[in-house]
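No value in this document is a laboratory result; all are computed from the given coordinates. Here the structure is a predicted model, which means the values were calculated and not measured. Using ideal geometry, Cβ is built from the backbone for each residue, glycine included, and neighbour counts are taken over all protein chains shown.
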Amino acid sequence: MYLARVIGNVVSTSKNEKLIGMKLMVVEFLGKNQVPTDHTEISVDSCGAGIGETVIVCKGSTARGIFGGEAPVDSAIVGIIDTVETV
């Protein structure tokens, strides 16, 4: 799992039928101390996240499994973070 910040949303009127009704968000991955990296990607939102929120992103077959394994999903938002504490 990865920390990321939601920086935008994606509107797609033409897409795979398994993605219809799914909310697509642009996320920017965060590095140490929640510093943004140069890595962004589109994630399917399973939590109702909004722009500016820090989220947990799951990737690969685990992300696909959240939506029943049928949709072509490689990245999913699986949690909205309230706080992060590091030592």
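Here Rg/Rh (Cα atoms, Kirkwood Rh) was calculated from the structure, and among [x] 0.93; [y] 1.02; [z] 0.97 it sits at label [z].
Taking 0.36 nm per residue of separation and subtracting the Cα-Cα distance, full extension of the segment from Glu28 to Ile42 would add 4.1 nm. Ordered by the number of other Cβ atoms lying within 10 Å of each residue's own Cβ, fewest first, Cys47, Cys58 fall into the sequence Cys47, Cys58. GNM remark for the chain: springs join alpha carbons under 10 Å apart, and the peak mean-square fluctuation among Gly69, Gly60, Gly21 falls on Gly21. Remark: spin-label model distance Ile20-Ile56 equals 3.2 nm, labels positioned 7 Å along the Cα→Cβ axis.
Counting only lysines at least 8 places from Lys15 when in the same chain, those with an alpha carbon closer than 24 Å to its own are Lys23, Lys59. Using θ = phi - 60° in the Karplus curve 6.51 cos²θ - 1.76 cosθ + 1.60, the 3J(HN,Hα) couplings for the stretch 14-19 round to 10, 7, 3, 4, 6, 8 Hz; x is entered for Gly and Pro.
Suppose every Lys and Arg Cβ carries +1 and every Asp and Glu Cβ carries -1, with no other charges. What dipole size does the chain come out with about its Cα centre, to the nearest 20 debye? Don't jump to the answer; show the numbers that get you there.
Details: 7 positive and 10 negative charges, 31 e Å.
Roughly 140 debye, rounded to the nearest 20.
When only Cα pairs under 8 Å and 6 or more residues apart are kept, what is the percent relative contact order across the chain?
Values: 178 pairs, mean separation 26.5, N = 87.
It rounds to 30 percent for the chain.
Helix content alone sets the calculated 222 nm mean residue ellipticity of the chain: runs of n ≥ 4 DSSP H residues at -39500 (n - 2.57) each, divided across all residues, give -1500 deg cm²/dmol.
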